[in-house]
1. How many residues does segment 307-350 contain that are basic (K, R) and under 26 Å from F207 (Cβ atoms)?
2. What strands (runs of 3 or more DSSP E) completely inside segment 101-171 contain at least 3 residues that are within 28 Å of F269 (Cα to Cα) and either hydrophobic (A, V, I, L, M, F, W, C) or open to solvent by less than 60 Å² (accessible area, probe 1.4 Å) (or both)?
3. Tally time: how many residues in segment 209-229 are crowded, with 19+ Cβ neighbours inside 10 Å and part of a helix (DSSP H, G or I)?
4. For segment 87-100, which residues satisfy the criterion of being open to solvent by less than 40 Å² (accessible area, probe 1.4 Å) and closer than 23 Å to E332 by Cβ?
5. Considering segment 73-100 alone, what residues qualify as being in contact with a strand residue (DSSP E or B) (Cβ under 9 Å, 6 or more places away or on another chain) and assigned to a helix (DSSP H, G or I)?
6. Criterion first (modelled with pLDDT of 80 or more and buried (at least 19 other Cβ atoms within 10 Å of the Cβ)) does A12 satisfy it?
7. Could you grab me the full set of residues in segment 311-326 that are open to solvent by 10 Å² or more (accessible area, probe 1.4 Å) and within 21 Å of V181 (Cβ to Cβ)?
8. Going by the structure shown, is T361 at pLDDT below 95, crowded, with 19+ Cβ neighbours inside 10 Å, polar (S, T, N, Q) and in contact with a Ser or Thr (Cβ under 7 Å, 6 or more places away or on another chain)?
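The values are calculated or read from the model by the stated rules, or taken from the named source; none is laboratory data. Just so we're clear, the structure is a prediction, and the values are computed from it rather than from any experiment. Note: ideal-geometry Cβ built from the backbone for every residue, glycine included; neighbour counts use all protein chains shown. What goes into the accessible areas is simple: the full protein's heavy atoms, side chains included, and nothing from ligands, DNA or RNA. Shrake-Rupley method; radii C 1.70, N 1.55, O 1.52, S 1.80 Å.
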Amino acid sequence: MARVRLVEVATAAGVSLATASRVLNGSARTPGREVTQKVQAAARELGYLPNASAQALARSTSGLLGLVIPDLEDPYYAAIASGFQRAASAQRRLVLVIQTGGQPSSTLAALRSLRVQQVAGVLVLGSLNLGLSEQSEFRGLLAELVDGGAGIVSIGRDLGVGGVICPDDRAGAVALAQAAVAGGYRHFAILEDTSRAPSAVARAEGFAAGLQTAGVDIDHRVRGSVAASSGREVAAAVVRLARARSRGVTAGSGGDGSRRSAEGSLAFFAITDAIALAVLGRAQQAGIRVPGELGILGFDGIAAGRDCWPGLTTVDLPLREMGRHAARMLLEPGSAERPAGWTCQGRTVTAPGRFRAGGSTLRASR
């Protein structure tokens, strides 16, 4: 069957083509209720399907939402993206997903594309290491999106515009440190994120503060990325440290920031669950007892951390709810109700985490 044209709807409703367009394409200039109902009834009767391009012109946006994500395979980002997409779908909105690989050039290209698509809102995930010229273009693209009617929400990093959702990284990391000390650990290693992502920095600072309260210091800092793809490299370094400690070998105070310490099991704070799982797998491969010789602490609360053995000691974040709330912030600006326990200060909404004890840090040897 031939596609029903807008002019046919206008004729059936007894209105002008412009009036029919304003009703069905979502223009801010809408006619009275009676006329609107007549046009909508005619559209239903004829089976008219609105044209997305026409809607975009009428509303200055396409109604689409954009999601800029570094890595779809990273379970942290994937869980957030799932919540975001489900919330958008419930409002009959489509989501344009663009994977950037964490590359600044790809992120800038993504924002340019979303600007051309006249999206109604954009969720930006992940941190960026931008040069000065890239920062200027990035801010300019965000400003153009906002000027075009798009909302902006970011998770984990304040972009300087739009809303921000931040997990309570510091408080969660303090709780992890306190639990590890209570479990008997006195010697600690921590992942030092080379990208200096805000969440990673906050978690590292919180963990160090929690240890300091108990009079304990960090023995080793393992440099690496929090990206899930770097898990193998980080795991190899942690296994070497655990082996050295289990053999009674002391690491020197070299450039890696290690301190001399001879007795007791090592506990490693991996900053993320994805890295923690990589360390757990490599340690078990190497015959290192977890948690007896090596305790492992994660952060994020991804599903795989509950399904592994031993289960991770971690902080569960409401990842899917963070994605759902980001969609609500874009679709219901100013009226999106926060989940219970979440706090708001200015443009920033803070999502609390929940400590979860797991077998990866129990029964430590002293």
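1. Counting residues in segment 307-350 that are basic (K, R) and under 26 Å from F207 (Cβ atoms) gives 1.
2. The strands (runs of 3 or more DSSP E) meeting that bar are 163-167.
3. The number of residues fulfilling the criteria is 3.
4. Answer for segment 87-100, where residues must be open to solvent by less than 40 Å² (accessible area, probe 1.4 Å) and closer than 23 Å to E332 by Cβ: A87, A88, V95.
5. P75, Y76, Y77, A78, A79, I80, A81, F84, Q85, A88, S89
6. The answer is no for A12.
7. G311, D316
8. yes
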